[in-house]
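What follows is a single structure, written as structure tokens, with notes after it.
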Amino acid sequence: MTAVVPGEGTAASPALPGRRSRRSRRGSPAGAPPPARRRSGRLLPYLLVVPTLVALGAGLGYPLVRLVVISTQEFGRRQQFGAPARYVGTDNYDSIFGTSYFWDVLWRSLAFCGVNVVLTLVLGTLLALLLTRLGPGMRTALSVALLLAWATPALTATIVWQWIFDARYGVVNWVLTRLGADYQGHSWLSEPLSFFFVGTLVVVWMGVPFVAFTLYAGMTQISPEVMEAAAIDGAGPWQRFRDVTWPALLPIFVVLAALSTLWDLRVFTQVYVLQQAGGIVRETNTLGVYAYRQGGSGDFGLGAAVAVVMVGITLLLTLVYLRRMFRQEEL
Amino acid sequence: MKTNTLPEAAPSGAEVARAARGDAATTGMTARRARRVVAVALVGVLALAACGSDDDEASTGEGDDGTALEAPPEDTEATLRVWLNGPDTPDEMIDLAKAEFAESYPNVTVEVERQEWDGLVNRLDTVLPTEDSPDIFEVGNTQAQSYEAAGAMVDLTDAKGDLGGDDLVDSLVEAGTYDGRFYGVPYYGGARIVVYRKDLLDKAGLEIPTTLDEFVDAGKALKADNADVPNFSGIYFPGRNWHAMLSFIWDAGGDIAVDEDGEWVGELSSDASVTGLTTVQDIMQNANAAPADSDDAEDYLDFCNGEVGMLMGPGWKMGQITGEDGCPGKYDDVLGAFALPGSDGGVAPSFLGGSNLGISARSENPGLALEFLKVLTSETYQTEFAEIGLIPVRKSLLDQVQGDEAAQAQAEAAENTRFVPSSENWADVESGNILQDMGTAIASGADVADEAGRAESAIVDILNG
Amino acid sequence: MRRRWLWNAVALGVMVVMAFPVYWMVVTSFRANSDIRSAPRFLPVGTLENYRSVFERDHFWTSFANSLQVTLLTVVFALFTAFLAAIAVSRFRFRGRLGFLVTILLVQMVPAEALMISVVKTLDGWDLRNSIAGLTIVYVAFVLPFTVWTLRGFVGAVPRELEEAAMVDGSSRLRAFFTVTLPLVAPGLVATGIFAFIQAWNEFTFALVVMDRPEKETLPVWLQAFNFGARGTDWGGVMAGSTLITVPVIVFFLLVHRRVAAGLTAGAVKG
């Protein structure tokens, strides 16, 4: 389901506590004994994990296994309705990598994802900094505005944005025309580049609040004394950001980047809804939508293979983050 | 494995129809008679269009797989779950069908659940194979074969006679037939017509166009004549209206793809098709203000805004404009309709839309479902369709298609209807948005031959699996 | 200080941009359908017709109830299970721990749309299609990875000495988790709860195929009925329906917002 509202990063702060835990671990050199030494109940951790595993297994276990199996089969609508499925080895994968179209989709998705992640993070950081500069009243007001963007369902949000950019009756064209530009009836979705411009607006609009809140929380952790000391040493605002804020926020940043990448790469709702509204599907398919359309057109085997490939690509992209995690966890 | 194509049969039927129409014209007719004649012609055409499927019927005779479905006893207690799509079937008709059915089966509850066309394929693919499948479901006539081929529907070959048999409109029977077996029961049909503003035509000093060229010129003239109205379309032709595009392709002698010995061969980039599409581009760019990347679903609202001279749409479009969702009273008096004229002065070929009903292979009460299908294809029920701007699926009822100009135009248009490539894979062409993409590009000024070539190769790939 | 007004001006600009789409949705929901297709209007005044058609359409309240049930159940189950798992991974070092973490991360990478047909098949096998329980199982599974991941951080931030102190007082280990740790990670629970709430409340794809009986639909699927395919879309209805659907989320959000903010800052001080 996360994929249905991708990019809609929602939880308040996955990163922040993670960072804290790291810091507290680091910050207790001789203190707490490492967990491994606890002997009360070898079984306890397993018992604690069981409910999660059961829930995951129940909801996704069989579907995940079947996804991989189907990706090696000729599995179409006939098979879905009971005909025996034939194993075709890597045929589905071959036909994915063998078509130049897949590579188009891949590069397009990577570019779209990259732009969105960078914009989300940069704007999120700026907003977080802005939050620290505001008085309490204004800060609350801005927070509420951010919350609105955050809490709107992806489907609804995309429909509204689509309406705002509507060729005939959209407010954007109306305003631009009023300002003297010739935007009467201009279709924002028919050109791939401006299609993705609108797409980026939607994705970033929904993604920024999460990043901003998380980073803002992180910034409030930096003790004012350190900042003051830096200021007294003659550091300007940029230097203070670079030397104090940035290093402190880096761990949060990495997690945010990883999560944003994860979500933005399989963006579905936003692109799909915009495609329904206008635009050229062939030139605007991204990985998530492409996989879905393969399934929707009755080739579930190919759709499954695309999904598996997507997991692989996501793994590659988040490798940096994963390595970081491995290093930390294997202390 | 491919079934024969309807289009091959259609032109001959069209000729007969045209001849019939000529007759009527010379006899000096009253409106009623004209209607009558048109309807008779319609019967003739649709009957002729059927010749391709005669073989199928011959081969089906005795059911060689499965036993025939029997009507359950009248005191059967059960619930029938019926999926009908979109708002095409009004509530009153559903009530009528339920009441009728209740006379034979008082203890059966019929639950009609409305499905939306958007997302329908997802639901059908996932839900039909489950225990809790609906008993009866509706699919678009272009999607039907895909589910017939997949084994999602109960074979109704033996029951065909009770469902209307030879009285059923043949091209819809064709859509309901796969590999010689009959699965999808025709539910209703719809031909596409031109809806126009009489006052604007008068103002510009134009007559109803009688050839395709005149139609295009009229569109441009209308646009010029109404240059003071922002966003005015002489002919409203959004880039995604691929159903309308087909008329121009077929009229020019082109096609999407043809079946040559079981192999689909692309025709979309043939000279003839490109000629037709070039006319389309001419209209889109010079007579039209509809967005390149939208479809015709909301054209009636633009029409109500006074921004449209002529539009090409389904037979019920006029009713939508004058109805509650449109602008009742605003244009009622100046609204007219005609069948799109072909370049030879006859009726241009147009796409026959419609839908088919199937009994889910997982239905627990297929016998009962069949009894309900009989109600839905009955004369009483089908007559209702004629009244709401759709084409009934019984040939014997086609002369009931009467009333307003739209119905007449539709009856005329129906004389020369054709169909998309008759393949179980066609649904995938539609869900891939291929023709819509092509239309958008063409409307935006792309090279017609390039776009047609690209669409053709994508379509052929899908059709040939 | 003299630059405060500048920041306020910037903030005001950002606020307008962020809130505008939501505002626009509300404005549009008050326009008659015939009026929507004309020049923009900027004030939320006009007709209540769209809201009437939303309330009058069949199954609005049943869909609302379904959505609420599925969402709340998802939130409760996901938080409870995720809390236990978070304790396990941040308080214990056990065989398979890393594997567990990697699995959870991997699961998040799978495009959910690709799992549709198999999920429905699974639920059908258990006779759980068209049931609140069935959809909840799916949602919990999809929400869990993120909630475990997040709560793990929050739990890690609670000094384990506090649990140990409780154990010295005679509490069992497990008991200490619930009496000491649980209250301290309340802000984390709230934060992840919001995540789960929004995900479940807004989800469309699975709801469409898992709940196909009209009386079992959830709100996002119910809203689809304003889209008539070839016959156009009732934009006024869609906007009014969307506004109504968004309201509970925002209310829930604002209710717990203070706790989140407080929680974040409290946690920060502790670190």
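Laboratory data are not the source of any read-out in this text; all were calculated from the coordinates shown. Remember, predicted model here, so these are calculated numbers, not experimental data. Cβ: placed from backbone, ideal geometry, glycine included. Neighbour counts: every protein chain shown.
Table for the structure above
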read-out: Extreme residue, surrounded by the fewest Cβ atoms within 10 Å (Cβ to Cβ), among residues of segment A:168-177 that are aliphatic (A, V, I, L, M) and within 10 Å of chain C (Cβ to nearest Cβ); value: A:V175
read-out: Filtered residues of segment B:347-394 (kept if of a type in the set (D, E, K, R) and not in a loop (DSSP other than H, G, I, E, B)); value: B:E371, B:K374, B:E379, B:E384, B:E387, B:R394
read-out: Candidates B:D299, B:D344, B:D293, filtered to the one that is away from chain A (no Cβ under 14 Å) and of a type in the set (D, E); value: B:D344
read-out: Filter result for the condition that a residue is within 30 Å of B:E324 (Cβ to Cβ), of a type in the set (A, V, I, L, M, F, W, C), within 11 Å of chain A (Cβ to nearest Cβ) and part of a helix (DSSP H, G or I), over C:L189, C:L223, C:L174; value: C:L223
read-out: Some residue of segment A:232-243 being in a helix (DSSP H, G or I), surrounded by fewer than 20 Cβ atoms within 10 Å (Cβ to Cβ) and within 14 Å of chain B (Cβ to nearest Cβ); value: no
read-out: Count of residues meeting criterion [more than 7 Å from chain C (Cβ to nearest Cβ) and either over 19 Å from A:F75 (Cα atoms) or in a loop (DSSP other than H, G, I, E, B) (or both)] in segment A:290-314; value: 5
read-out: Residue match in segment A:178-192 (condition: in a helix (DSSP H, G or I), surrounded by fewer than 19 Cβ atoms within 10 Å (Cβ to Cβ) and more than 8 Å from chain C (Cβ to nearest Cβ)); value: yes
read-out: Any hit, segment A:37-45, residues being within 11 Å of chain C (Cβ to nearest Cβ) and within 20 Å of C:A78 (Cα to Cα); value: yes
read-out: Hits in segment B:205-230 (condition: touching a residue at least 40 places away in the same chain (Cβ under 8 Å) and either buried (at least 20 other Cβ atoms within 10 Å of the Cβ) or of a type in the set (G, A, S) (or both)); value: B:P209, B:L212, B:F215, B:V216, B:A218, B:G219, B:L222, B:K223, B:N226
read-out: Of residues in segment A:141-167 being touching a His at 6+ places or on another chain (Cβ under 9 Å) and over 27 Å from C:S38 (Cα atoms), the one nearest to the other protein chains (Cβ to nearest Cβ); value: A:L147
read-out: Segment B:114-134, residues that are more than 7 Å from chain C (Cβ to nearest Cβ) and part of a loop (DSSP other than H, G, I, E, B); value: B:L128, B:P129, B:S133, B:P134
read-out: B:A413 vs. criteria more than 14 Å from every other protein chain (Cβ to nearest Cβ), surrounded by 24 or more Cβ atoms within 10 Å (Cβ to Cβ) and assigned to a helix (DSSP H, G or I); value: yes
read-out: For B:G262: the one exception among (1) crowded, with 19+ Cβ neighbours inside 10 Å; (2) out of contact with any Phe, Trp or Tyr (no Cβ under 6 Å at 6 or more places or on another chain); (3) within 30 Å of B:S431 (Cβ to Cβ); value: (1)
read-out: Scope segment A:137-181; condition among the polar types (S, T, N, Q) and in contact with a helix residue (DSSP H, G or I) (Cβ under 6 Å, 6 or more places away or on another chain); matching residues; value: A:T152, A:T156, A:T158, A:Q162
read-out: Any hit, segment A:103-124, residues being of a type outside the set (K, R), touching a Leu at 6+ places or on another chain (Cβ under 8 Å) and within 10 Å of another protein chain (Cβ to nearest Cβ); value: no
read-out: Odd one out for A:A257, checked against (1) farther than 19 Å from A:N116 by Cβ; (2) under 14 Å from the mean Cα position of the chain (by Cα); (3) of a type in the set (G, A, S); value: (1)
read-out: Residue list for segment B:135-161, filter: assigned to a helix (DSSP H, G or I) and facing another protein chain (nearest Cβ under 10 Å); value: B:S146, B:Y147, B:A149, B:A150
read-out: Filtered residue count, segment C:20-38, keeping only those that are more than 7 Å from every other protein chain (Cβ to nearest Cβ) and among the charged types (D, E, K, R); value: 2
read-out: In segment B:88-123, the residues that are closer than 27 Å to B:I388 by Cα and of a type in the set (A, V, I, L, M); value: B:M93, B:I94, B:L96, B:A97, B:A99, B:A102, B:V110, B:V112, B:L120, B:V121
read-out: Which listed residue, of C:R41, C:R97, is buried (at least 16 other Cβ atoms within 10 Å of the Cβ), of a type outside the set (A, V, I, L, M, F, W, C) and without any contact (Cβ under 8 Å) to a residue 60 or more places away in the chain; value: C:R97
read-out: Members of segment B:416-431 that are within 15 Å of B:H243 (Cα to Cα) and within 12 Å of chain A (Cβ to nearest Cβ); value: B:W426, B:A427, B:V429, B:E430, B:S431
read-out: Residue that is farthest from C:R152 (Cα to Cα) [pool: residues in segment C:94-121 that are part of a helix (DSSP H, G or I) and touching a Leu at 6+ places or on another chain (Cβ under 7 Å)]; value: C:S118
read-out: Some residue of segment C:48-68 being more than 7 Å from every other protein chain (Cβ to nearest Cβ), surrounded by fewer than 21 Cβ atoms within 10 Å (Cβ to Cβ), out of contact with any Ser or Thr (no Cβ under 9 Å at 6 or more places or on another chain) and small (G, A, S); value: yes
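Residue by residue, here is whether (1) touching a helix residue (DSSP H, G or I) at 6+ places or on another chain (Cβ under 7 Å); (2) in a helix (DSSP H, G or I) holds:
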| position | (1), (2) |
| --- | --- |
| B:S269 | yes, no |
| B:A272 | no, yes |
| B:T279 | yes, yes |
| B:I283 | yes, yes |
| B:A289 | no, no |
| B:S294 | no, no |
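Yes/no matrix, rows are residues, columns are (1) farther than 24 Å from A:E283 by Cα; (2) within 22 Å of the chain's Cα centre (by Cα); (3) of a type in the set (V, I, T):
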site	(1), (2), (3)
B:Q410	yes, yes, no
B:P421	yes, yes, no
B:V448	no, no, yes
B:A458	no, no, no
B:L463	no, yes, no
